[in-house]
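Colleague: Following this message is one structure expressed as structure tokens.
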């Protein structure tokens, strides 16, 4: 008889515990933990490293952390791991928290770990440890996992300009290239590679109706600035990427919804000038003769041209150089991506088709082959365009002859500059979705190797050739427009 | 007496716990199934059959072209199996030593379906796409090589669609479009342009 009340008392907590355990295991199983990373900023290089968890503590590889900074080597003898950085010795012992650095003892506060010859040090002492090894000042934002070696921090100011052009002007102490994403009421700039630091206070208020506030945060090796607005916001870069101007976008300037709409990214910039001069003074975007599209961007890095160089960064630099060359020839140009934004092919095509330019130029970069390859669209099967409706998949169909003529014009001018050129077809989106003459320019190195792709001289040579090619076919394109 | 609301609450929670358990068990089983599907065994040897002369359209990275090469392989009578063996022979060429167009290890053609008059659906495995080199030209060479080899040796194929592990995929490795259906005639033009622009 006594067992029944006891059972009744126990059944509820046991059941609840079972539910909690089941839900916990469900969550644990279904959601992959975000990968932890550490960012290191220095005058030599900015880079990220993976962080691993051991015994409930965060660890990172010491050799990987030091490698980009100087001459470093490590040898393993049994449990001992000997490191030499710029000829200065350091010795660590697996399972011990005490190390010898530059002939002095150093307390790691947690055990040093040795895994397959890889020396792991606890993150909690990384700041003083790197400072001791490097022999200079190191600032470690431990909670955000960001290491600043020397005076590398990038500071910024933010001020609302209430005159025309109206907008938030952010000046940075060094060039920046954040990943930009917008959502209703917010524009987020994520700095994955730049040592941007807090401007005295994490919250900024501007007393403005349209852009009332902004906030700074840092986490997992990155800094983020969030601009709060009461209208869709638009970012543009100027002053060699030292100034970002945030403006309320007019309806015509905002990116259109696309079949694959998600968090919309904006990053378009024209003429190298900040955009957004008040809705009444926005330039008519239909005026643009050329739309230049730096392929990839944001999370989509494109080809890893080298360990450090991503295709998305080269295409952006090429796009900016091409804009400059086109402008110098009197050709109005719109960059579809003027920052590190993720833009889908559908968004790129929608934006371009909305602007009705005379030509669309998409830029790619490749480590394979030599010179420049020009591509026009290889149309897919189906999607016949009959009647007034045009198939999205073959929207380029009617413009193919002119696209090929434009590609030939570009090839001629590039060859005049001794750049090897091939004119090809490619199954490459969004070329087939563009309803105007469209050419993709894939830039491969010249004879000097992959480093060419990051060379301003080579980029300028290619950009000048492409711009001269556009100028050569300008009348033909204008007539068809 | 146990209060009725308590019994109902306990029953509801037990049901939730049981449901969550079943859900977790199903998720785990699905993950194991996927892992098993992702396991890549070495490319299977061709099935037995009379040896036939075929034309492989082989990509050469250095020149950036596709060149026809003749090969003799045993081919089964079934049209669908023949298509699979053709592409496996092509992949063997790329996976071998001194490959003119290296593909990632473990690359495989899982299946070829001839589902509609003129349409071939080629199902590649994940290793093929995930490890493929990225770039407009290098991806175009792969796609062109597969489509040309398939269509040149299998009369009647006019369109080709690619899947990866049985699923739609936007691009091969960031460039070549896999979302749309390839028109064999247009791919022929692409191959001609590769040859002409050398």
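What follows draws every value from the coordinates through simple rules; no lab data is involved. Computed from a predicted structure; not experimentally measured. In this analysis, Cβ positions are derived from the backbone assuming ideal geometry, glycine residues included, and neighbour counts consider all displayed protein chains.
Colleague: Taking the DSSP beta bridges in chain B as the whole, what percent of them are antiparallel, to the nearest 5? The partial results should precede the final answer.
Modeller: Values: 20 of 26 bridges.
So the antiparallel bridges in chain B amount to around 75 percent.
Colleague: Got the relative contact order for segment A:156-248 handy, in percent, Cα pairs under 8 Å and 6 or more residues apart? If you can, show how the numbers build up before the last one.
Modeller: Details: 196 pairs, mean separation 29.2, N = 93.
Dividing the mean separation by the residue count of segment A:156-248 yields 31 percent.
Colleague: What distance in nm separates the two pseudo spin-label positions at residue B:26 and residue A:53, each 7 Å out from Cα along the beta-carbon direction?
Modeller: In this crude label model, residue B:26 to residue A:53 measures out at 2.8 nm.
Colleague: Please tell me the relative contact order of segment A:289-480 in percent, rounded to the nearest whole number, where contacts are Cα pairs under 8 Å and at least six residues apart. All intermediate terms of the calculation are to be shown ahead of the outcome.
Modeller: Details: 394 pairs, mean separation 53.7, N = 192.
It comes to 28 percent, rounded to a whole number.
Colleague: Which of B:185, B:120, B:20 ends up with the largest GNM mean-square fluctuation for chain B, with Cα atoms connected below 10 Å?
Modeller: B:20
Colleague: For the pair residue A:356 and residue B:92, how long in nm is the line joining their label points, each one 7 Å along Cα→Cβ?
Modeller: 5.8
Colleague: Compute and list, largest first, the equivalent-ellipsoid semi-axes of chain B from the alpha carbon gyration tensor, each √(5λ) rounded to a whole angstrom. Intermediate results must be reported in sequence, preceding the final value.
Modeller: Numbers: eigenvalues 407, 70, 52 Å².
Equivalent ellipsoid of chain B: 45, 19, 16 Å, largest first.
Colleague: Please report the antiparallel percentage of DSSP beta bridges with both residues in the protein assembly as shown, rounded to the nearest 5.
Modeller: Working: 102 of 133 bridges.
The antiparallel fraction comes to roughly 75 percent.
Colleague: When the convex hull of the Cα atoms of segment A:29-109 is projected onto a plane and the area is averaged over all directions, what value comes out in nm²? Numbers along the way, then the final one.
Modeller: Numbers: hull surface 28.1 nm².
Computed as one quarter of the Cα hull surface, the answer is 7.0 nm².
Colleague: When all C-alpha to C-alpha distances in segment A:156-248 are sorted into bins of 5 Å, what percent of pairs does each bin hold, rounded to whole numbers?
Modeller: For segment A:156-248, the pair-distance distribution reads 3, 14, 27, 29, 19, 7, 1, 0.
Colleague: Pick from B:158, B:149, B:15 the residue whose mean-square fluctuation is largest in a GNM of chain B, springs joining Cα atoms under 10 Å.
Modeller: B:15
Colleague: How compact is segment A:289-480 by the rule of thumb for globular proteins, expressed as Cα Rg over 2.2 N^0.38 Å?
Modeller: Values: Rg = 15.5 Å, N = 192, 2.2 N^0.38 = 16.2 Å.
My calculation over the Cα atoms of segment A:289-480 gives 0.96.
Colleague: Another one. Size of the protein assembly as shown along its principal axes in angstrom, Cα-based, largest extent first?
Modeller: The principal-axis extents, from largest down, are 84, 74, 68 Å.
Colleague: What's the FRET efficiency of residue A:228 with residue A:100 using the Cβ-Cβ distance as r and R₀ = 56 Å, to the nearest 0.05? Don't jump to the answer; show the numbers that get you there.
Modeller: Values: r = 51 Å, r/R0 = 0.91.
Working from the Cβ atoms, E equals 0.65.
Colleague: Considering only C-alpha atoms, what is the centroid distance from segment A:349-380 to segment B:98-119, in Å?
Modeller: Computed from Cα coordinates, the inter-centre distance equals 27 Å.
Colleague: Can you grab the distance from the C-alpha centre of segment B:124-190 to the C-alpha centre of segment B:1-27, Å, no decimals?
Modeller: So the two Cα centres are separated by 50 Å.
Colleague: Let me ask something additional. Considering the zone a paramagnetic label at residue A:239 would reach in this model (a point 7 Å from Cα along the Cα-to-Cβ line), which residues of segment A:171-209 have amide N under 13 Å from it?
Modeller: Once the point is set 7 Å along Cα→Cβ of residue A:239, A:171-176 turn out to lie under 13 Å by backbone N, inside segment A:171-209.
Colleague: Equivalent-ellipsoid semi-axes (√(5λ), Cα gyration tensor) for segment B:98-198, whole Å, largest first?
Modeller: Details: eigenvalues 73, 67, 30 Å².
Sorted largest first and rounded, they come to 19, 18, 12 Å.
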